[in-house]
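Engineer: Quick one: structure below, then a few questions.
The values are calculated or read from the model by the stated rules, or taken from the named source; none is laboratory data. Computed from a predicted model, the values in this text were never measured in an experiment. Here the Cβ is made from the backbone with ideal geometry for all residues, glycine too, and neighbour counts use every protein chain on show.
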Amino acid sequence: MPTENNKLKMKLDRKDILKALETITIAGEGKNMVESGAIANVITFGDEVVVDLVLHTPAMHIKKRAEDDIKKTILELVSPDAKIKINSKVEVPDKPEIKGKSIPGIKNIIGVASGKGGVGKSTVTANLAVSLAKMGFSVGILDADIYGPSMPIMFDVENEKPISVTVDGKSKMKPVESYEVKILSIGFFTAPSQAVIWRGPMASKALNQMIFDADWGELDFMLVDLPPGTGDIHLSIVQSLPITGVVIVSTPQAVALADAKKGVSMFMSEAINVPVLGIIENMAYFTPEELPENKYYIFGKEGARNLSEDLGVPFLGEVPIVQSIREAGDYGRPAAMQTGSVIETVFEQITRNVVQETVNRNESLPATEAVKITTMAGCSAVKK
């Protein structure tokens, strides 16, 4: 005698599911999932559905959106009680890509970018770096902001110079080290008041020297502080380095968000195709020290959070306007090193989110290079 459960199982028909999936279009392809061949197979077992999904782009946000759309569509158009399993696979067609060669010993290369200058990208990079180091990771910073290098000041090493070391018979630069972070910047090779007046090819050549003629050693993370906008330096970096992913920094106001959107668009473009790990909102709100519960949204509220939702990329966290962040940057001791402070907690959480998104990216997409972070081990702050 048929049970209620059997009746439910009879409702799930492969043809119904395929018909429902024809209503979904994958971003950037212009065809529905079935027509484009993204749905490799659909198998039903009573009330269970197994969908084999094949994507032709390694972009993490597209994979996540496609999986969410499949689940939502089957639940809405076929059966709200369906148990859905999706097996995702990425098959990138053979075509010339802007990808760089690996640097032995460097596991993950994270670009920190913004569409606009003055949003605090370098400040965020410095604080992410020291937070990663406190969590037990080995970290380096490549200051790729050729025309406005900030890292020497932010790490109190503006008078330092990289020394030459011999590695395997070759002379290489040894990065300057501060707060357990290895740093190379064009600022080490110019006077503090000297402007860098270079055309694109000259700047690109200098960058390549800092990347490949340096003894970086073993690094879990290399953070690349990119200049604002979308231009020569960005292309040089993605051509020179296999970027694991990028983090976009923006402030909440509409003007900054419009430019941040262009930054995301550049990395998501078919030619470059670098995964966007997420967006960080800097200067999110102001809280007076004497009124810690009050929040004043000077530049607008949750603009970057809303942008991340619109673009389908993770929101990594928000950094408030706090005087000590500016002071710490000016004095050469990143604010995230202030033990027990609100800022330490803020950057620790954002850094955890960046690491988790890197883990997710390395588990779900083809590796840009062989070695990947596969666990969150070491992500608790080291107590000293």
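Engineer: Which residues, counting only those in the range 43-72, are farther than 22 Å from T358 by Cβ and part of a helix (DSSP H, G or I)?
Structural biologist: D69, I70, K71, K72
Engineer: List, please: which pairs have Cβ atoms under 8 Å, are six or more places apart or on different chains, and start with a residue in the range 142-160 that is not assigned by TED's automatic domain parsing to the domain that holds V224 and end with one that is surrounded by fewer than 24 Cβ atoms within 10 Å (Cβ to Cβ) and of a type in the set (D, E)?
Structural biologist: Sorted first by the residue in the range 142-160, then by its partner, the list stays empty.
Engineer: Look through E29, E91 and report the one residue that is closer than 24 Å to S308 by Cβ, modelled with pLDDT under 85 and acidic (D, E).
Structural biologist: Testing whether each residue is closer than 24 Å to S308 by Cβ, modelled with pLDDT under 85 and acidic (D, E) leaves just E29.
Engineer: Out of the range 292-311, which residues are among the aliphatic types (A, V, I, L, M) and at pLDDT 80 or above?
Structural biologist: Selection gives I298 alone.
A quick yes/no check of all residues on (1) surrounded by fewer than 22 Cβ atoms within 10 Å (Cβ to Cβ); (2) closer than 20 Å to F267 by Cβ; (3) not small (G, A, S):
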position: V112; (1), (2), (3): no, yes, yes
position: A126; (1), (2), (3): no, no, no
position: S131; (1), (2), (3): no, no, no
position: G136; (1), (2), (3): yes, no, no
position: I141; (1), (2), (3): no, yes, yes
position: G148; (1), (2), (3): yes, no, no
position: V157; (1), (2), (3): yes, no, yes
position: E160; (1), (2), (3): yes, no, yes
position: M173; (1), (2), (3): yes, no, yes
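Engineer: Hey, another quick one. Output yes when any residue across the range 324-339 is at pLDDT 75 or above, within 20 Å of the chain's Cα centre (by Cα) and either among the polar types (S, T, N, Q) or under 14 Å from L277 (Cα atoms) (or both), and no when none is.
Structural biologist: Scanning the range 324-339 turns up no residue that is at pLDDT 75 or above, within 20 Å of the chain's Cα centre (by Cα) and either among the polar types (S, T, N, Q) or under 14 Å from L277 (Cα atoms) (or both).
Engineer: Return the residues of the range 127-150 that are under 14 Å from A335 (Cα atoms) and either in a loop (DSSP other than H, G, I, E, B) or more than 16 Å from the chain's Cα centre (by Cα) (or both); say none if nothing qualifies.
Structural biologist: V130, A133, K134 - these are the residues of the range 127-150 that are under 14 Å from A335 (Cα atoms) and either in a loop (DSSP other than H, G, I, E, B) or more than 16 Å from the chain's Cα centre (by Cα) (or both).
Engineer: Applying the selection to the range 297-340, what residues are of a type in the set (D, E) and assigned to a loop (DSSP other than H, G, I, E, B)?
Structural biologist: The one that is of a type in the set (D, E) and assigned to a loop (DSSP other than H, G, I, E, B): E302.
Engineer: Residue check, I74 against (1) more than 28 Å from I243 (Cα to Cα); (2) at pLDDT below 85, all met but one. Which one?
Structural biologist: (2)
Engineer: Consider T368 carefully, then state whether it is modelled with pLDDT of 80 or more and farther than 24 Å from P252 by Cβ.
Structural biologist: When the stated conditions are applied, T368 does not pass them.
Engineer: Something else: Just to be sure I understand the filter: pairs with C-beta atoms under 6 Å, separated by 6 or more residues or on different chains, first member in the range 77-102 and aliphatic (A, V, I, L, M), second member modelled with pLDDT of 55 or more and part of a strand (DSSP E or B). Which pairs pass?
Structural biologist: These pairs meet every condition: A82/V49; I84/V49; I86/V51; I86/L53; V90/L55.
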